[in-house]
1. Would you mind working out the accessible area per residue for the chain, using a 1.4 Å probe, and quoting it in Å²?
2. Under 20 Å from a point placed 7 Å out from the Cα of Glu22 along the Cα-to-Cβ direction: which residues of the stretch 110-135 have their backbone N that close?
3. Under the rule of -39500 (n - 2.57) per DSSP H run of 4 or more residues, summed and divided by the residues of the chain, what mean residue ellipticity at 222 nm is obtained, to the nearest 500 deg cm²/dmol?
4. Using the basic label-point model (7 angstrom from Cα toward the beta carbon), what is the Glu114 to Arg136 distance in nanometres?
5. Express in % the proportion of alpha carbon pairs of the chain at distances exceeding 17 Å.
6. I'd like the antiparallel share, as a percent to the nearest 5, of DSSP beta bridges with both residues in the chain.
7. Below 8 Å, C-alpha to C-alpha, sequence gap of six or more: please give me the relative contact order for the chain in percent.
8. Which FRET efficiency value, to the nearest 0.05, do you get for Ala104 and Gln48 by plugging their Cβ-Cβ distance into 1/(1 + (r/R0)^6) with R0 = 35 Å?
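The values are calculated or read from the model by the stated rules, or taken from the named source; none is laboratory data. What you see is a predicted model, and the numbers here were worked out from it, not measured in a lab. Here the Cβ positions follow ideal geometry from the backbone for every residue, glycine too, while neighbour counts run over all protein chains shown. Just so you know, the surface numbers come from the protein's heavy atoms only, side chains and all, with ligands and any DNA or RNA stripped out. Shrake-Rupley method; radii C 1.70, N 1.55, O 1.52, S 1.80 Å.
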Amino acid sequence: VDGISFADSYAFLDAWVMAALEKLGITAFYVPLNDIATEQGKIGGAAQKRLANGGMLHHVTMSYDIDADKMVEVLRIGKEKLSDKGTRSAKKRVDPLRRQTGLARTEIIKAMQEVFTERYGAAESRITDAELATARERVQSKFGTEEWLHRVP
């Protein structure tokens, strides 16, 4: 994303997501800066973390299905966040993929994988036993500890 504005980098990095949604029959658009929505409501959002060393993590979270009552119970959604999006209720703002497509989660994932593979020549791979053992060790020594799980950054 060198040379691309912060705002434009979202659309650039998520172009394949938008194409996959189109393949699924969903007309999606961005609600600045990082929400992915349709006329029916929000289906996902993107986020980035840019590191001082030049690295970047970019991800998109898509809602397949949701318990909207539980969502508003567990999330702290400020009034500013809602007013920025021109809505009064977080429950009314979200409209997940299952409701919009009627498709099984596996079908949606398959369509997204197909679009990504076609665009970027991706190849399927598997986690090795050694990689899995290293991951388990990291959970034991760091990521599964109370200190890590309950830290407040």
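1. Accessible surface, normalised per residue, equals 73 Å².
2. Residues 110-122 qualify, since their backbone N sits under 20 Å from the label point.
3. Working: 9 runs with 69 residues, N = 153.
-12000 deg cm²/dmol, from helical runs alone.
4. It works out to 3.7 nm between the two label points.
5. Numbers: 8430 of 11628 pairs.
Considering the chain, 72 percent of its Cα-Cα pairs are separated by more than 17 Å.
6. Numbers: 14 of 15 bridges.
Rounded to the nearest five, the antiparallel share is 95 percent.
7. 19 percent
8. Approximately 0.70, to the nearest 0.05.
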